[in-house]
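Since the structure comes first, as structure tokens, the remarks are kept for the end.
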Amino acid sequence: MKKALITGITGQDGSYLAELLLDKGYEVHGIIRRASSFNTGRINHLYKDPHINGVRLFLHYGDIADSTNLIKLLYRIQPEEVYHLAAQSHVRVSFDIPEYTGDVTGLSTIRILEAMRETGVKAKFYQASSSEMFGKVHEVPQKESTPFHPRSPYGAAKVYAYWATVNYRESYGMFAANGILFNHESPRRGETFVTRKITRAVARIQAGQQKKLYLGNLDAKRDWGYAREYVEAMWLMLQQSEPDDYVIATGETHSVEEFLTEAFRHVNLDWHDYVELDSKYLRPAEVDLLIGDASKAKRVLGWKPKVSFKELVRLMVDADVSMLGQQEHESFGDIDRSPSLEFK
């Protein structure tokens, strides 16, 4: 049975990846920070699954800012695959806390790679790189060879982590791959990210629980895909005989305004009646256009997106409408004490 270690297992991508790996028969280990409240809402259901029942899913207290702890965990777990997904991943927030973002988003990659080298663990390593590295784009669409020009502390930190991964691959012969994922969304997306902020507001406005939605730049264009599909690309990268770097994207770009239009239209509302602009949500430096060329991933990995932009918006709206009608303990992020979460 293969063992995999996931940082950021309680996040959107981490939860979908854990599901995928468990379905494939892996023993899955995740690192979770100790907090005064539960933050395992996205993975609680995995402990309720009678086919899994927590037997192959283990959580470990730790922090990607603590290299000693990472070394100890690698010694104990001895994973065959390491997926580094944890980060301070909110672009706008990275302008407010740039030093912290650089530490946990950039330096954490060095900590894990060094921990793997120190322990001698022969694991394949996946680095969650980002389309935000392209920033002020030098060509359209963006592909693996497109120069980086980050426009935020988050993007700059991801560029550092990207090149650290390449450097350890070239210097030490490690199997280290970068997945340059363009924006990918789902009903598990954090509520402060613009797509989820929109779909959650749509549900609340329709239910009469919210009157206005405040947003920043509506003209920004992004390549939006479905997170559940994107984690499969992560796994495929580590199943190859040689490590490499891959762009994962849909090849389509849509503006925030288009997302708004489709989300409100799905519940027969006009967004113009509810949305107001607020300058506090604007970034000091904006990324205007992102659109990825995933032809290499299609050719080498056999991966391609299936869920369309409109389908993605609708499934997110439907999920938030449904969630609003559920009991409080079933909501994402709410405390659910019923699972017996096992920490190692």
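For the stretch 1-120, the solvent-accessible area works out to 42 Å² per residue, with a probe of 1.4 Å and every protein chain left in place.
Shape analysis of the stretch 107-158 yields a ratio of the Cα radius of gyration to the Kirkwood radius, Rg/Rh, of 1.11. Between the listed residues PRO305, ALA177, LEU57, the Cα displaced farthest toward the positive end of the dipole of the chain, a dipole computed from Cβ unit charges relative to the Cα centre, is found at LEU57. For the chain, the Cβ-based charge dipole about the Cα centre amounts to some 560 debye (Lys, Arg positive; Asp, Glu negative; other atoms uncharged). Each Cα pair under 8 Å and six or more residues apart adds its separation to the average, and for the chain the resulting relative contact order is 20 percent.
For the chain, build the charge dipole from Cβ charges (+1 Lys, Arg; -1 Asp, Glu) around the Cα centre, then report which of ILE198, THR261, ASN44 sits farthest towards its positive end. Most positive-ward Cα: ASN44.
Just so you know, the Rg over Rh for the stretch 187-291 is 1.06, from Cα atoms, with Rh as the Kirkwood radius.
Normalised by 2.2 N^0.38 Å, where N is the number of residues, the C-alpha radius of gyration of the stretch 23-142 stands at 1.22. Considering helices alone, the calculated mean residue ellipticity of the chain at 222 nm is -10500 deg cm²/dmol, with DSSP H runs of length four and up weighted by -39500 (n - 2.57) and normalised per residue. Ignoring lysines fewer than eight residues from LYS211 along the same chain, the ones with Cα atoms less than 16 angstrom from its Cα are LYS197. Set the bar at 32 Å for Cα to Cα. Now go through LYS24/LYS306; LYS3/LYS221; LYS122/LYS304; LYS221/LYS306; LYS136/LYS304 and name every pair that lies beyond it. Violating the 32 Å Cα-Cα cut-off are LYS3/LYS221.
At 1.4 Å probe size, with the rest of the protein present, what percent of the exposed accessible area of the chain is carbon and sulfur atoms? Carbon and sulfur atoms account for 47 percent of the accessible area of the chain. Taking the Cα centre of the stretch 100-191 as reference, the dipole from Cβ charges on Lys and Arg (+1) and Asp and Glu (-1) amounts to some 140 debye.
The values are calculated or read from the model by the stated rules, or taken from the named source; none is laboratory data. Note that the structure is a prediction, hence the values are computed from the model and not measured. Every residue, glycine as well, gets a Cβ built from its backbone with ideal geometry; the counts of neighbours run over all protein chains shown. Accessible surface areas use protein heavy atoms only, side chains included; no ligands, DNA or RNA. Shrake-Rupley method; radii C 1.70, N 1.55, O 1.52, S 1.80 Å.
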